[in-house]
Structures are given as structure tokens and as C-alpha cells.
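Participant: One structure, as C-alpha cells, below. Some questions next.
The values are calculated or read from the model by the stated rules, or taken from the named source; none is laboratory data. As the structure is a prediction and not an experimental result, all values here were calculated from the model. FYI the Cβ positions are ideal-geometry reconstructions off the backbone, even for glycines, and counts take in every protein chain you see.
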Amino acid sequence: MTLVHPLVDPSLLRARLGPDAARALDEMLATLAEDPPAIGRLFAGAARRTARGDLEGAEGGHRVEDAVRVELVRAAAAGLDPGALAAELEALYRHGDADERRAVLLALAATGDADVDGSELLLDALRTNDVRLVAAAMGPHADRLTPHDWRHGVLKCLFVGVPLHAVAHLDERTDADLAAMVRRYAAEREAAGRPVPPDAARFLGPTALTTPSADLEG
């Protein structure tokens, strides 16, 4: 059994689903309780069987299909050990479209087991220019990233336009090396006559860190 937290309050999701969609979700959850690997065939079609769209009242701008898919992961995870869950999530990500990949990243962020390591999936998402994938990759699961990779993830957020409030534990992990990287990035954009993202200002003012960290990876 592996713990995965809900993406949103389940009652909020249920309120957004109509009777038919809620029934379809319950059927899929029941299937996964009996056969956790069935998530491989249920995950992609989950939105079609339930609903899509904004989930009003949910923090983080999560969508209905995101919450539904994380519920499926939760149900499967209850019958899988961390290694098996990680393997299922990797397969779902590798074979999924952008929406499915985002849901996998959000499920990783909701995973409460340190033995589930989706770092490689986060790094893959950070190599894209998909704003939603980059934002999802820099959630709580990004704690697994090395300082080097995490700093470059923050820089990628600035590059593609992901607001930095989407980055989990930004204040705790910010160091002088990240501040120096952002200052170089801002200088390059200014030299090229391009605007500097407003979020970069937190690293450019007089209160920005200036003492390098022990980890000198840039």
C-alpha cells in the first residue's frame, strides 16, 4: 500500500461531477480496488467517462480531469507497493498525452511516500516548454531534484512564464547560486532588449542572497 493524497477535497470533486460522471468514477475506483494495474487502461479515458473543465473553488487552478485521474492513482496505490506504483506512473507518463502527463506529475506531488521517486519524469517535463507541465513538475515532488536540477527548474519557470508561486518550497531552497543564475538571465534579456519577468525581481533587489551555497552546481 502506498499513500497518495487527494488533489482536491473529494467532496468538491463530487459536487462538480454529475450523477452519471460520479457513477463512472465509482465504477473505475471499484475496478482498481480489485485490480490496481488496471489503471493502465482506465487512466487515459477517465476524462471522457467523467468530465473536463475548471474545478471552481480548488486551489492551484486544478481541473476536474486532473482531480479524477489523481483519484484513480490513489485507488491503485492502495494496492501497490512504492516500486510498483512508480513503475505504473512512469508508464502512464511515457504513453500519455500532455493532459495525462500533467495528471501523473500532480499525482507524484500528492504522493506521501518517500520511496516513490519520479525525478526522471520531472526532468523530462522540465525539458518541455509546456507551461502546465513545467508548473506541475515544480510542485512538492521537486524536493527529490538535486539543487542543480531544481535551480534550473526555477529558471525554466521564469523562461516559459510559470508564476513562481507555483514552485514548492521556493523560499526554503533559494540560495545565492540561484540568485546569481537569475541575475545573469535578467542581464542577458536586458542586453537583448527583452523584458525581464516580474517574478525575477525577488532575486535582483538589495535583499537578494549574495553568499554562495556549499553546493556550487550552477
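Participant: Quick check on this structure: which one of A15, A30 is part of a helix (DSSP H, G or I), hydrophobic (A, V, I, L, M, F, W, C) and over 25 Å from the mean Cα position of the chain (by Cα)? Full working, then the answer.
Facilitator: Values: A15 fails: over 25 Å from the mean Cα position of the chain (by Cα).
Just one listed residue meets the conditions, A30.
Participant: Pairs under 7 Å by beta carbon, first residue without any contact (Cβ under 8 Å) to a residue 60 or more places away in the chain in segment 115-126, partner of a type in the set (F, W, Y), six or more apart or different chains?
Facilitator: Going by the 7 Å Cβ cut-off, the qualifying pairs are L121/Y93.
Participant: Still on this model: Checking the condition in contact (Cβ under 8 Å) with a residue 24 or more places away in the chain, touching a Ser or Thr at 6+ places or on another chain (Cβ under 9 Å) and acidic (D, E), which residue from D81, D66 passes?
Facilitator: Details: D66 fails: touching a Ser or Thr at 6+ places or on another chain (Cβ under 9 Å).
Sole residue among the options that is in contact (Cβ under 8 Å) with a residue 24 or more places away in the chain, touching a Ser or Thr at 6+ places or on another chain (Cβ under 9 Å) and acidic (D, E): D81.
Participant: Starting from segment 1-17, take each residue that is assigned by TED's automatic domain parsing to the domain that holds G60 and list its partners that are assigned to a helix (DSSP H, G or I) and surrounded by fewer than 14 Cβ atoms within 10 Å (Cβ to Cβ), counting only C-beta distances under 8 angstrom and pairs at least six apart or across chains.
Facilitator: Listed by first residue and then by second, the contacts come to V8/E59.
Participant: Let me ask something additional. From the residues in segment 152-183 that are among the small types (G, A, S) and surrounded by 17 or more Cβ atoms within 10 Å (Cβ to Cβ), which one is nearest to A125 (Cα to Cα)? Break it down into steps so the answer makes sense when it comes.
Facilitator: Within segment 152-183, the subset among the small types (G, A, S) is 153, 161, 166, 168, 176, 179-180.
Still in the list and also surrounded by 17 or more Cβ atoms within 10 Å (Cβ to Cβ): 153, 166, 179-180.
On the way: G153: 10, A166: 15, A179: 23, A180: 24 Å.
Ranking the candidates gives G153 first.
Participant: Please specify each residue of segment 133-151 satisfying the condition of being within 30 Å of E65 (Cβ to Cβ) and crowded, with 20+ Cβ neighbours inside 10 Å.
Facilitator: Across segment 133-151, the qualifying residues are L133, V134, A135, A136, A137, M138, H141, A142, W150.
Participant: Does at least one position in segment 185-196 carry a residue that is touching a residue at least 12 places away in the same chain (Cβ under 8 Å) and more than 30 Å from L80 (Cβ to Cβ)? It would help to see each step written out before you state the result.
Facilitator: Looking only at segment 185-196, we keep the residues that are touching a residue at least 12 places away in the same chain (Cβ under 8 Å), and these are 185-186.
Still in the list and also more than 30 Å from L80 (Cβ to Cβ): 185-186.
Yes, segment 185-196 has at least one match.
Participant: Can you confirm whether segment 81-96 contains a residue that is under 22 Å from the mean Cα position of the chain (by Cα), modelled with pLDDT of 95 or more, of a type outside the set (D, E, K, R) and more than 21 Å from L121 (Cβ to Cβ)? Steps first, answer last, please.
Facilitator: Of the residues in segment 81-96, the ones under 22 Å from the mean Cα position of the chain (by Cα) are 81-96.
With modelled with pLDDT of 95 or more added as a condition, the list becomes 81-96.
This time we only want the ones that are of a type outside the set (D, E, K, R), so: 82-87, 89, 91-93, 95-96.
Among the residues that remain, those that are also more than 21 Å from L121 (Cβ to Cβ) are: none.
Within segment 81-96, not a single residue is under 22 Å from the mean Cα position of the chain (by Cα), modelled with pLDDT of 95 or more, of a type outside the set (D, E, K, R) and more than 21 Å from L121 (Cβ to Cβ).
Residue-wise test of (1) farther than 22 Å from F203 by Cβ; (2) in contact (Cβ under 8 Å) with a residue 12 or more places away in the chain.
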| residue | (1), (2) |
| --- | --- |
| A87 | yes, no |
| E90 | yes, yes |
| R94 | yes, no |
| G112 | yes, yes |
| D149 | no, yes |
| V162 | no, yes |
| V182 | no, yes |
